[in-house]
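Visitor: Handing you this structure, nothing more for now.
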Amino acid sequence: MPLIDGYGRPIVNLRITLTHKCNYKCIYCHMEGEEGTFEELTPEEIERIVRVAVKLGINKVKLTGGEPLIRGDIEEVVRRLSHINGMEEVSLTTNGSLLKEKVEELAKAKLKRINVNIPSLREKVYKYVTNSEYSPQQIIEGVIEAKRLGINPIKVNMVILKGINDDQIDEMITFTKKNDLILQLIELENVGVSEEIYSKYHVDVSSIEEKIKLEAENVIVRRNMQNRRRYILRGGGEIEIVRPYEDGSFCSACTRLRLTADGKIKPCLMRNDNLINLKDLLRKKLDDYELVKCFVKAIEGREPYWKKKITP
Ligand code: SAM
């Protein structure tokens, strides 16, 4: 049974930032709401923390960054975590640049699912947004290989940016449908990005969602995923709309804790003033009970950031 916070939310997900390093410099990157560059946790340390989390009812882990595939030991991290008793699913979010070369080992390590960030299928736009040398074609080759190896589902993350890629949604829908991928259309969040970038590129995705609704034969509300809506299109294709609902409905469905790159529990994407440091405990060689106490404290202290519509 998972632990439940003071607002009735079961805590079943852990999102782990493995590194702040990245081979891209996406113009909109929110860095998972984290700050600075730090010494990273080792695979052993990550495993120890996650073992405790799993004992407390967490059964899904998502690895993120920076770029998680940049870590030379990523396969080891995935293997260690996916073999913990009680772990249901280890997934990762990646820019996909190193996917083709690493995916075979990742599949062997029992990686279940992937989110891959593809802001555009057009080379020029892709390079502009990501400030990288990679082309979308290289990413697609990795995605196709992942699919062949049985990693499923694979979701394509597309952060919608005004005047940059908001005219390319139809071609992304065609691409994801053809390759049996789930498309996530993500509204730009005002976290970790400058006011200038936000005001220049932010698009309210409601009008896009309205259009998609018309094409849909079914809609699934994903209550365990912040009430995210998944549209099943007539004639095939699945699209999720990811909105930074700035009200209680977003927070009320949040079942997630975060672990920062430097080993702190972060109860909320939006805050950095209530972190709990585990790394120091690990390095002082304290026993698991101390880690359990930290998780319990983090969960007890969880508060919805957008409190308007949530009641305990
Ligand atoms: N490097 C990996 C990647 O590119 O996916 C993992 C880290 S990245 C911070 C994780 C995801 O966050 C990206 O795929 C992107 O969809 C999303 N993201 C980053 N900045 C965002 C922002 N300002 N608003 C909305 N989503 C954002």
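Visitor: Starting from the Kirkwood Rh over alpha-carbon pairs, what translational D in µm² s⁻¹ does the stretch 65-106 have by Stokes-Einstein at 10 °C and 1.306 mPa s?
Guide: Values: Rh = 10.9 Å.
The diffusion coefficient I find is 146 µm²/s.
Visitor: Per DSSP H run of at least 4 residues, take -39500 (n - 2.57); add these up for the chain, divide by its residues and hand me the 222 nm value, nearest 500 deg cm²/dmol. Let's see the in-between values first.
Guide: Details: 11 runs with 103 residues, N = 312.
Here the helix-only value at 222 nm equals -9500 deg cm²/dmol.
Visitor: Rounded to the nearest 20 debye, what is the charge dipole size of the chain about its Cα centre when +1 sits on each Lys and Arg Cβ and -1 on each Asp and Glu Cβ?
Guide: Working: 52 positive and 48 negative charges, 167 e Å.
Roughly 800 debye for the chain.
Visitor: While we're looking at this one, here's another question. Report, in listed order, any pair from LYS162/LYS200; LYS25/LYS62; LYS25/LYS108; LYS124/LYS211; LYS60/LYS147; LYS155/LYS178 with a Cα-Cα distance greater than 18 Å. Display every interim value, and only then the final one.
Guide: Details: LYS162/LYS200 7 Å; LYS25/LYS62 21 Å; LYS25/LYS108 30 Å; LYS124/LYS211 27 Å; LYS60/LYS147 21 Å; LYS155/LYS178 13 Å.
Violating the 18 Å Cα-Cα cut-off are LYS25/LYS62; LYS25/LYS108; LYS124/LYS211; LYS60/LYS147.
Visitor: At what distance in angstrom do the alpha carbon centres of the stretch 1-47 and the stretch 122-198 lie from each other?
Guide: 21
Visitor: Select from TYR126, VAL193, MET87 the residue farthest towards the positive end of the dipole of the chain; place +1 on Cβ of Lys and Arg, -1 on Cβ of Asp and Glu, and compute about the Cα centre.
Guide: Looking along the dipole axis, the top candidate is MET87.
Visitor: If you don't mind, another one. Divide, for the stretch 43-135, the radius of gyration over alpha carbons by 2.2 N^0.38 Å, where N is the residue count. Let's see the in-between values first.
Guide: Working: Rg = 14.8 Å, N = 93, 2.2 N^0.38 = 12.3 Å.
Normalised Rg, Cα atoms only: 1.20.
Visitor: Moving on. State the antiparallel share, in %, of DSSP beta bridges confined to the stretch 13-309, rounding to the nearest 5. Show your work: numbers first, answer last.
Guide: On the way: 14 of 46 bridges.
Given both bridge residues lie in the stretch 13-309, the antiparallel proportion sits at roughly 30 percent.
Visitor: Let me ask something else. Two decimals is fine: what is log10 I(q)/I(0) at q = 0.07, 0.14, 0.15 Å⁻¹ for the chain, from a Debye sum with one equal scatterer on every Cα and no solvent?
Guide: -0.26, -1.15, -1.33
Visitor: Right, here's the next one. Would you work out which of ILE74, LEU233, VAL221 lies farthest towards the positive end of the dipole of the chain? Charges go on Cβ: Lys and Arg +1, Asp and Glu -1.
Guide: Working it through, the farthest residue towards the positive pole turns out to be VAL221.
Visitor: Another question about this same structure. Please report the spacing between the Cα centers of the stretch 238-289 and the stretch 63-97 in Å, no decimals.
Guide: 17
A short reminder: the numbers here are calculations on the coordinates, not readings from a lab. Please read all numbers here as calculations on a predicted model, not as lab measurements. As a convention, Cβ positions derive from the backbone with ideal geometry for all residues, glycine included, and neighbour counts pool all protein chains shown.
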